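Encoded as structure tokens, the structure appears first; notes follow it.
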Amino acid sequence: MKLLLLLLCMLTISAGYAQEKPIGVFQDHLDVGNPKIAGSTLYDEATQTYTIKGAGYNIWFGRDEFQFAYRKLKGDFIITADFGFVGTGGDPHRKIGWMVRESKDDNAAHVSAVAHGDGLTVLQWRRLKGALMRDPQDEIFSPKKNYQTIQLERSGKEIIMRAAHPGEPFHHIGSVIMNDMPEEVLAGLFIGSHNEGVVEEAHVWNVRIDQPVADGYNPGRDGYLGCRLEILNVFDGKRKIIHEESGRFEAPNWMPDGKKLIINKDGSLYKIPVAGGELEKINTGDVTRNNNDHGISFDGKTLAISSSSEGSGGSRVYVVPIDGGTPKLLTESAPSYWHGWAPNNKDVVFVGQRDGKNYDIYRISVNGGKEIKLTSNKGTHMDGPEYSPDGKYIYYNGSQSGTMQIWRMKPDGSGREQLTFDGYNNWFPHISPDGKWIVYISFPPEIPVDAHPSYKRVTLNLMPVSGGAPRVIAYLYGGQGTINVPSWSPDSKSIAFVSNSGK
């Protein structure tokens, strides 16, 4: 009898373990609808890429068959990824994309953001369990085809689909109100072959599951979201998460040897290996309220930091040896926020407010002396000044045109020239070490022109220094602290940045 009970217990434990097969960020993967040929989902930790295979007659009418890698989610969320089929395929209506589903049942209610083998892109849904999906009542077609990046957002009862071609901003495909969808849903990647006897395959990368905050959220009052430290290859668009925390850290700089990054966290600065690992605190003496405006001189010897102290009236600029030491104060007046080193390693540029109203760009020597005012701003906003590696220009963001755009000027403040012209609000231009590229963060038009808040749907954009149209290289949830300071790799191929998500 005892042996029988032991066997039953072991079988129960085994069955419990068999119920879930975690893969990457997903809790499980399985075939929904019992297709004739089994599918699979694999995850490559080195590249953070998923390979998903699946068969199935269709995802339509009264029931579905497909391979599904999912995670249980509650409340609002944003799910984003890049998708690509492998091979030419057997049917033009093979399907990949994101799905939000009420259960694993083959006739469950769901909403799917679908890319077909022939490029057709559709938002489609089954409102209630067992209902027949109808054409055209239960779908919204995009007028364009062949999207690579697909996003679904749940906001209350509404589920919204966006999609983008490489380098382009998101296009709003459509949305549907799902009044009967439960609070907890299964959300994840899917593939279906539209042919019972064929298995289709796709690669999925840059997979991000973000849980956003409501409008009006105040991080100082309501708490900070979790942070991810990411590295992005700016030329192929592939991203990798190297560090995550439930608290707040910000603004990575790349160390000159290319092996470590610097971030700020809880008023201190830390080094972290580019492959991830333990944080190493940098000694900044009694300057312990460091913010996200910090960076390294061109010769790699000195670190500029911005920090406030009690009774100082706000942030001031200091310099400290790259490996730590006793900081030296540069700016007596506050607020002052460092943003750029001169290539001569003797001067820095910063933004400061001296009249209580306007922020202007200033230069000061690291050897002491008076600050030199480079702009005379009235009623608009300037921020993020940074020298080009050849020292010919200072790049910055300014709202003189009515929206926040990227500008440049000569080092003496003359010859101001606007470089971006769009409806977005563009901040913090960073010039690649080889002097060929500008990367910056772009906020949506509805954000106030002089604000760069946290926890927004933003993009990172890339444009040639020599001129030309910018292109989107990353879609993310972030903002303040994402890329405030120079964050290019020494070889001018990658950038580091911070994205955000609730648990």
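The values are calculated or read from the model by the stated rules, or taken from the named source; none is laboratory data. A quick note: this is a predicted structure, and the numbers were derived from the prediction, not measured. When we count neighbours, we look across all protein chains shown, and the Cβ atoms used for this are built from the backbone with ideal geometry, even at glycine.
Quick look at the numbers
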{"read-out": "Filter result for the condition that a residue is touching a residue at least 24 places away in the same chain (Cβ under 8 Å), out of contact with any Ser or Thr (no Cβ under 7 Å at 6 or more places or on another chain) and either assigned to a loop (DSSP other than H, G, I, E, B) or buried (at least 20 other Cβ atoms within 10 Å of the Cβ) (or both), over ASN344, ASN377", "value": "ASN344"}
{"read-out": "Residue list for the stretch 240-276, restricted to those being among the basic types (Lys, Arg) and in contact with an Asp or Glu (Cβ under 9 Å, 6 or more places away or on another chain)", "value": "LYS240, ARG248, LYS260, LYS265, LYS271"}
{"read-out": "Some residue of the stretch 128-142 being among the hydroxyl-bearing types (Ser, Thr, Tyr), in the same structural domain as ARG71 (by TED's automatic domain parsing), under 29 Å from the mean Cα position of the chain (by Cα) and assigned to a loop (DSSP other than H, G, I, E, B)", "value": "yes"}
{"read-out": "Residues within the stretch 217-242 that are closer than 18 Å to ASP266 by Cβ and out of contact with any helix residue (DSSP H, G or I) (no Cβ under 8 Å at 6 or more places or on another chain), tallied", "value": "10"}
{"read-out": "Top-ranked residue of the stretch 382-426 - restricted to ones that are among the acidic types (Asp, Glu) and touching a strand residue (DSSP E or B) at 6+ places or on another chain (Cβ under 7 Å), ranked as surrounded by the most Cβ atoms within 10 Å (Cβ to Cβ)", "value": "GLU386"}
{"read-out": "Matching entry among ILE473, ILE438, ILE483 (being of a type outside the set (Gly, Ala, Ser) and either part of a loop (DSSP other than H, G, I, E, B) or surrounded by fewer than 20 Cβ atoms within 10 Å (Cβ to Cβ) (or both))", "value": "ILE483"}
{"read-out": "Among residues of the stretch 221-264, those that are within 13 Å of the chain's Cα centre (by Cα) and of a type in the set (Lys, Arg), counted", "value": "4"}
{"read-out": "Failed item in (1) in contact with a Phe, Trp or Tyr (Cβ under 7 Å, 6 or more places away or on another chain); (2) over 18 Å from VAL234 (Cβ atoms), with TYR393 passing the rest", "value": "(1)"}
{"read-out": "Matching residues in the stretch 356-369 - criterion: being out of contact with any Gly (no Cβ under 8 Å at 6 or more places or on another chain) and over 17 Å from GLY340 (Cα atoms)", "value": "GLY356, LYS357, GLY369"}
{"read-out": "Sole residue being under 18 Å from the mean Cα position of the chain (by Cα), buried (at least 20 other Cβ atoms within 10 Å of the Cβ) and on the phi < 0 side of the Ramachandran plot, chosen from PRO453, PRO429, PRO444", "value": "PRO429"}
{"read-out": "So GLY119, is it surrounded by fewer than 14 Cβ atoms within 10 Å (Cβ to Cβ), touching a residue at least 60 places away in the same chain (Cβ under 8 Å) and in the same structural domain as ILE78 (by TED's automatic domain parsing)", "value": "no"}
{"read-out": "Set TYR70, TYR147: member being surrounded by 20 or more Cβ atoms within 10 Å (Cβ to Cβ), touching a Gly at 6+ places or on another chain (Cβ under 9 Å) and not in a strand (DSSP E or B)", "value": "TYR147"}
{"read-out": "Residue check, HIS194 farther than 24 Å from THR41 by Cα and either of a type outside the set (D, E, K, R) or not assigned by TED's automatic domain parsing to the domain that holds TYR147 (or both)", "value": "no"}
{"read-out": "In the stretch 129-142, residue surrounded by the most Cβ atoms within 10 Å (Cβ to Cβ) [restricted to those that are over 17 Å from ILE96 (Cα atoms) and in contact with a strand residue (DSSP E or B) (Cβ under 9 Å, 6 or more places away or on another chain)]", "value": "MET133"}
{"read-out": "Given (1) outside any strand (DSSP E or B); (2) under 18 Å from GLY352 (Cα atoms), index of the condition TYR396 fails", "value": "(1)"}
{"read-out": "Residue within the stretch 402-415 that is in contact (Cβ under 8 Å) with a residue 40 or more places away in the chain, closer than 24 Å to GLU153 by Cβ and part of a loop (DSSP other than H, G, I, E, B) present", "value": "no"}
{"read-out": "Pairs, first hydrophobic (A, V, I, L, M, F, W, C) in the stretch 170-184, second assigned to a loop (DSSP other than H, G, I, E, B) and surrounded by fewer than 16 Cβ atoms within 10 Å (Cβ to Cβ), C-beta under 8 Å, six or more apart", "value": "ILE177/LYS157; MET178/LYS157; MET181/LYS157"}
{"read-out": "Subset tally (residues that are of a type in the set (Ser, Thr, Tyr), within 27 Å of PRO136 (Cβ to Cβ) and surrounded by fewer than 21 Cβ atoms within 10 Å (Cβ to Cβ)) for the stretch 73-95", "value": "0"}
{"read-out": "Some residue of the stretch 279-288 being under 27 Å from the mean Cα position of the chain (by Cα) and among the charged types (D, E, K, R)", "value": "yes"}
{"read-out": "Test set (1) surrounded by fewer than 14 Cβ atoms within 10 Å (Cβ to Cβ); (2) among the small types (Gly, Ala, Ser); (3) touching a Pro at 6+ places or on another chain (Cβ under 7 Å) - GLY267 fails condition number", "value": "(3)"}
{"read-out": "Scan of the stretch 148-165 for residues that are free of Cβ contacts under 8 Å to residues at least 40 places away in the same chain and either under 21 Å from PHE68 (Cα atoms) or in the same structural domain as ASP236 (by TED's automatic domain parsing) (or both), ordered by number", "value": "ILE160, ARG162"}
